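These notes are about the structure you will find just below.
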């Protein structure tokens, strides 16, 4: 299976990634305004929050593997504060926060490297046994991950980040 890179992807993406060996596509043309550098979470007030990793100027038809992260703003600090605010009172945030925080302290040059390492960590956490929760078992859902641009045409937009499942409850 070939999947595009994704930042804090929806649960269905992680299910597809964990269901069978997957290759993350690096040679595709980078699509702006997609889940490759954006995520949607639900905050403590039940509002949707979009998190975006800023990238350096994207040239026309630039490959995903060549997308560099911009650090002109303090996006890592802002993302971490937003995640803490949204999830600090959830049942499992305290168990897993220490695994995720380093991703918001270290500077990665390439977007694909950050996404790959972060998703590998999330997959590992989903497989862990937690108190009062069952182990994560991917469902049999299938998704078409081609052309997932943030428009009304593509319903994935409303699918929240896998973090909602990770911090709330793994019973899916």
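The values are calculated or read from the model by the stated rules, or taken from the named source; none is laboratory data. On a predicted model such as this, the values are computed, not experimentally measured, just so you know. Neighbour counts are summed over all protein chains in view; Cβ atoms, including those assigned to glycine, are modelled from backbone coordinates with ideal geometry.
Descriptive notes on the structure:
- Out of 6, 22, one residue alone is at pLDDT 90 or above, under 15 Å from residue 119 (Cα atoms) and under 17 Å from the mean Cα position of the chain (by Cα). It is 6.
- The set of residues from segment 76-95 being buried (at least 17 other Cβ atoms within 10 Å of the Cβ) and farther than 13 Å from residue 161 by Cβ comprises 76, 80, 92, 93.
- Residue match in segment 40-52 (condition: in contact with a strand residue (DSSP E or B) (Cβ under 9 Å, 6 or more places away or on another chain), part of a loop (DSSP other than H, G, I, E, B) and surrounded by 12 or more Cβ atoms within 10 Å (Cβ to Cβ)): yes
- Taken over segment 83-100, the criterion of being in contact with a strand residue (DSSP E or B) (Cβ under 9 Å, 6 or more places away or on another chain) and closer than 17 Å to residue 118 by Cα is satisfied by 83 alone.
- Checked against (1) modelled with pLDDT of 95 or more; (2) under 15 Å from the mean Cα position of the chain (by Cα); (3) surrounded by 15 or more Cβ atoms within 10 Å (Cβ to Cβ); (4) over 25 Å from residue 127 (Cβ atoms), residue 34 passes all but condition (1).
- Residue in segment 10-21 that is within 11 Å of residue 160 (Cα to Cα), out of contact with any helix residue (DSSP H, G or I) (no Cβ under 7 Å at 6 or more places or on another chain) and not in a strand (DSSP E or B) present: yes
- Some residue of segment 54-62 being crowded, with 19+ Cβ neighbours inside 10 Å and under 19 Å from the mean Cα position of the chain (by Cα): no
- Of residues in segment 22-31 being assigned to a loop (DSSP other than H, G, I, E, B) and in contact with a helix residue (DSSP H, G or I) (Cβ under 8 Å, 6 or more places away or on another chain), the one surrounded by the most Cβ atoms within 10 Å (Cβ to Cβ): 30
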